[in-house]
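Colleague: Below is one structure. I have some questions about it.
The values are calculated or read from the model by the stated rules, or taken from the named source; none is laboratory data. It should be emphasised that the depicted structure is a prediction, and the values quoted were computed from it without experimental measurement. Because the Cβ atoms are built from the backbone with ideal geometry, glycine has one as well, and the counts that use them run over all protein chains shown.
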């Protein structure tokens, strides 16, 4: 029941935020403001519903050090995606023709902030955390990662291959990031840095949502397994490889820090054998 209540509360904020962003499409500053506002409201609602349903302190969203954790995550996400783009540029065809759209980048700043916050609250803050309590870290990582990938099948240019890639490179990696840090700020920053680098800086397709208008005026062509095709670089084998590497690093850290939760086993009542004398 608490899982359902928490999911519905955060999902409601995400839905309202999306509708508001769609309503002001074309106005970069309003999109930025609404995206940031939706992020703040989502965090507040998550905190309220978790305290109400679980009666505990909100350690995963502790305010102390939040800014530094978000920045750390954003740097990891940006660096990972930049490395992927550089690799693709060497083996395929990523061309920068000049500067793109500053207003487009501003709008994407708000959109990506709202997406990163609401999706991390839903998938890592609620779904992964609660499933992990029952199944353990490894199984929860796989199950919630698959669900995260399936969610992206609803995107305009989605494909089964793209959903599989998202499950592995993002769903698994972000869950592993949460397991390693036991807070939501780092995966929120990582998710944001990744998405904003893709759309806001390098102007490529993000998860099959069409070409982005970011700071660079760029074009990409080449084999789909390298560039990701219509789904964007997140459908590239290079991105999958980068995601797998980071997932393993985060899980190694989680193990080293003692953050791995073992699978809960059902207690089996064993009736003692009784000897009978005839």
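Colleague: Kindly check whether there is at least one residue in segment 189-204 that is on the phi > 0 side of the Ramachandran plot, at pLDDT 95 or above and surrounded by fewer than 24 Cβ atoms within 10 Å (Cβ to Cβ).
Modeller: No, segment 189-204 contains no residue that is on the phi > 0 side of the Ramachandran plot, at pLDDT 95 or above and surrounded by fewer than 24 Cβ atoms within 10 Å (Cβ to Cβ).
Colleague: Return the pairs, sorted by first residue and then second, in which the second residue is surrounded by 15 or more Cβ atoms within 10 Å (Cβ to Cβ) and part of a helix (DSSP H, G or I), the first residue lies in segment 28-55 and is at positive phi and modelled with pLDDT under 95, the beta carbons are less than 7 Å apart, and the residues are 6+ apart or on different chains.
Modeller: Listed by first residue and then by second, the contacts come to nothing, as the list is empty.
Colleague: Separate question: I'd like the full set of residues that are loosely packed, with under 13 Cβ neighbours inside 10 Å and in contact with a helix residue (DSSP H, G or I) (Cβ under 8 Å, 6 or more places away or on another chain), limited to segment 68-78.
Modeller: Matches in segment 68-78: none.
Colleague: Can you pull out the residues in segment 19-35 that are in a helix (DSSP H, G or I) and either surrounded by fewer than 14 Cβ atoms within 10 Å (Cβ to Cβ) or out of contact with any helix residue (DSSP H, G or I) (no Cβ under 8 Å at 6 or more places or on another chain) (or both)?
Modeller: 19, 22, 23, 29, 30 - these are the residues of segment 19-35 that are in a helix (DSSP H, G or I) and either surrounded by fewer than 14 Cβ atoms within 10 Å (Cβ to Cβ) or out of contact with any helix residue (DSSP H, G or I) (no Cβ under 8 Å at 6 or more places or on another chain) (or both).
Colleague: It is to be established whether one or more residues within segment 88-100 are part of a helix (DSSP H, G or I), within 20 Å of the chain's Cα centre (by Cα) and surrounded by 18 or more Cβ atoms within 10 Å (Cβ to Cβ).
Modeller: The answer is no, given that none of the residues of segment 88-100 is part of a helix (DSSP H, G or I), within 20 Å of the chain's Cα centre (by Cα) and surrounded by 18 or more Cβ atoms within 10 Å (Cβ to Cβ).
Colleague: Moving on. Scan segment 71-87 and tell me whether some residue there is over 30 Å from residue 7 (Cβ atoms) and in contact with a strand residue (DSSP E or B) (Cβ under 9 Å, 6 or more places away or on another chain).
Modeller: So far as segment 71-87 goes, yes, one or more of its residues are over 30 Å from residue 7 (Cβ atoms) and in contact with a strand residue (DSSP E or B) (Cβ under 9 Å, 6 or more places away or on another chain).
Colleague: Continuing with the same structure: So, in segment 101-153, how many residues would count as being over 22 Å from residue 255 (Cβ atoms), surrounded by fewer than 24 Cβ atoms within 10 Å (Cβ to Cβ) and more than 17 Å from the chain's Cα centre (by Cα)?
Modeller: 6
Colleague: With the requirement that a residue be within 18 Å of residue 70 (Cα to Cα) and crowded, with 24+ Cβ neighbours inside 10 Å, what does segment 172-184 give you?
Modeller: 173, 174, 175, 176, 177, 178, 179, 184
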